[in-house]
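What follows is a short report on a single structure.
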Amino acid sequence: MSRVSEYLSREEKSIGKTIGIRFYPIVIDRAEGSNVYDVDGREYIDFSSQWAVTSLGHNNPEIVDAVKKQIEKLVFSSHTSFPNAVCIELAEKLIEVSPGSFEKKAWFGLSGSDANEFIYKIMPIYSGRRRLLGFQGSYHGQTMGALSLSGHKALTRFIGFPNTVKAPYPYCYRCPFKQSYPECGLLCIDFLENNVLENAPAEDLAAVIVEPIQSDGGVIVPPPEFIPRLHKICRDRGISLVVDEVKVGFGRSGKFFAVEHSNIAPDVLTMAKPMASGFPLSAVVGRAEIMDAALAAHLFTSSAHPVSCAASLATINIILRDKIPEKAARTGEYILKRLNELYEEHPLIGDVRGKGMIVGVELVKDRESREPASFETACLVYRAYELGLLITYVGTYSNVVEITPPLTISIEETDKALDIFEKALDDVEKDRVDKEKVKKFAGW
């Protein structure tokens, strides 16, 4: 028995299934840069960055050094009652790099879920309004308020709180109105303004929360005028606009924050995954009056952990110093170019889309009907793993391969990864994948 099989057998007996989404049988032992190694010593290119967390590469030496220095100085201080200096420095830096010239303050947590839970709890307190609006396909987190704001099938299976409403997101490849962009005139935003807000009146709507790029919903990049028009609707009606940057922030889209592509400043930003390069940390940055709306209303003992904050400060400094967003934009264009070339040759690919280094490849059984190729997507991801490439799939139909490599990956490594991707795609189309092995990893 391999060590991977041994560990997975032990995991089966010791860890509940509620914790995981699995795409292939792997147990990680160590990692460096764009590569990870399993407990059997096998090497993989990590084209996922572990759900876009290790954006500056695994075990980035500068971040490791910053963490070592912080551990030697202060391992823990509960910021709820005993503030630590590095957290305050990080708050100041986040205020500096986030859009908006108004007075801002920060809050800290541990995950994207608790950052978006902040939105669910605090926005009604701040505004005196009861309702909140999210979007179909959105994924804001696992806690009750965050999942209530969400519209992804993995979260809507739970009965969330009733004061949330959903509007269609501009998923142009699968438009719910059967329209084509740009001829539609962005009918989805008209529907939100003239229909949804009739059922959730603006005078009772505390906030709208939106992802500038829907990630788990299927790597959906909305038309460029969507966020600005949404911002205007909110501004005209006194509704706060909250932008969820949990997965797409910190340089991945080609800007430090993805919302910067829209040239607007939201009232609140939530962030998490890549902000501390693998250490647990989340943050909310917003208008000062919102962040001060209630005393001690959303706090956690380990929030603003000094080690995580040190890692985040180092992460931000590297992103700014090395012009990581600009690099992500260039590498992302290259990835899109190569994938669009594959589109011309492989009918299984229905659509290729993305911005910067978050890219989605949607697989379909037939390009005309656009029937989702969900099992084939699981086969592709599994086959890529067998060939030494780690990718995942997302989407409301589980048929979108998500590509989120480390932003520091070289073009040579990128080419190698895309060559493996093409080989795996070819093997799926030619029925050279063991479907029995894939079945236990299909669908989430």
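Observations on the model:
- Amide hydrogen proximity for Tyr169: with H placed 1.01 Å from N in the peptide plane, the residues at 5 or more positions away or on another chain lying under 5 Å are Gln136.
- Long-range HN-HN contacts of Asp351 with modeled amide H, under 5 Å: Glu362
- Arranged from fewest to most other beta-carbon atoms within 10 Å of their beta carbon, Trp444, Trp51 become Trp444, Trp51.
- Potential lengthening of the chain between Leu387 and Ile28 amounts to 127.6 nm, from the contour at 0.36 nm per residue minus the alpha-carbon distance.
- Relative contact order of region 256-342, pairs being alpha-carbon contacts under 8 Å that are 6 or more residues apart, as %: 25
- Gap separating the Cα centres of region 1-72 and region 396-427, nearest whole Å: 18
- Relative packing of 151-163, 375-387, which averages over residues the other C-beta atoms within 10 Å, highest first: 375-387, 151-163
- Near Gly128, once Lys and Arg are set to +1 and Asp and Glu to -1 for all other residues with Cβ below 13 Å from its Cβ, the sum equals 0.
- Sites Lys13 and Lys437 - FRET efficiency at Förster radius 22 Å, r taken between beta-carbons, to 0.05: 0.55
- For region 118-241, the spread of Cα positions along the three principal axes, ordered from largest to smallest, is 40, 33, 21 Å.
- Region 292-305 - phi-based ³J(HN,Hα) in whole Hz, Karplus 6.51/-1.76/1.60, Gly and Pro as x: 9, 5, 8, 7, 6, 8, 7, 9, 9, 4, 9, 4, 6, 4
- Counting neighbouring beta carbons within 10 Å and listing from fewest to most, the residues Asp244, Asp426 come out as Asp426, Asp244.
- Modelled label positions at Ser180 and Glu203, each set 7 Å beyond Cα in the direction of Cβ, lie 4.3 nm from each other.
- Those trypsin sites (Lys or Arg not before Pro) in region 400-444 that DSSP places in a loop and that have at most 13 other beta carbons within 10 Å: Lys430, Arg432
- Each label was represented as a point 7 Å from its Cα along the Cα-to-Cβ direction; for Arg321 and Arg130 these points are 5.3 nm apart.
- Note on Thr396, Thr164: ascending count of other Cβ atoms within 10 Å places them as Thr164, Thr396, the fewest first.
- Each Lys and Arg contributes +1 and each Asp and Glu -1, all at the Cβ; summed about the Cα centre of the chain, the dipole is approximately 900 debye.
- Label-point separation, Leu299 to Ser5 (7 Å along Cα→Cβ), nm: 5.2
- Lys, Arg +1 and Asp, Glu -1 on Cβ, resulting dipole of region 74-321 about Cα centre, debye, nearest 20: 440
- Look at the dipole of region 90-217 built from charges on Cβ: of Ile209, Leu147, Cys172, the Cα furthest out on the positive end belongs to Leu147.
- Normalising the average separation of contacting C-alpha pairs (under 8 angstrom, six or more residues apart) by the number of residues puts the relative contact order of region 102-201 at 21 percent.
- Burial order of peptide ranges 125-136, 289-300 (average beta-carbon count within 10 Å, highest first): 125-136, 289-300
- Within the chain, helix-based [θ] at 222 nm, where runs of 4 or more DSSP H residues each add -39,500 (n - 2.57), nearest 500: -11000 deg cm²/dmol
- Cα centroid separation, region 253-276 to region 93-170 (Å): 14
- Normalised by the number of residues in the chain, the average gap of Cα pairs under 8 Å and 6 or more apart makes the relative contact order 21 percent.
- Multiplying the residue separation of Ile159 and Val75 by 0.36 nm and subtracting their alpha-carbon distance yields 26.3 nm.
- Take each peptide in 358-369, 301-312, count the other Cβ atoms within 10 Å of every residue, and average; sorted highest first, the result is 301-312, 358-369.
- For region 129-217, applying the loop criterion from DSSP together with a ceiling of 16 other beta carbons within 10 Å to the GluC sites (Glu not before Pro) yields Glu183.
- For the chain, the gyration tensor built on C-alpha atoms gives an oblate shape. Its axis ratio a/c (a ≥ b ≥ c) is at least 1.5, and a/b is not larger than b/c.
- When each of Lys13/Lys423; Lys327/Lys430; Lys93/Lys327; Lys323/Lys355; Lys255/Lys430; Lys73/Lys273 is checked by Cα-Cα distance, pairs over 27 Å: Lys13/Lys423; Lys327/Lys430; Lys255/Lys430
Only the coordinates and a few stated rules stand behind these numbers; no lab work does. Since the structure is predicted, the reported quantities are computational estimates derived from the model, not experimental observations. As a convention, Cβ positions derive from the backbone with ideal geometry for all residues, glycine included, and neighbour counts pool all protein chains shown.
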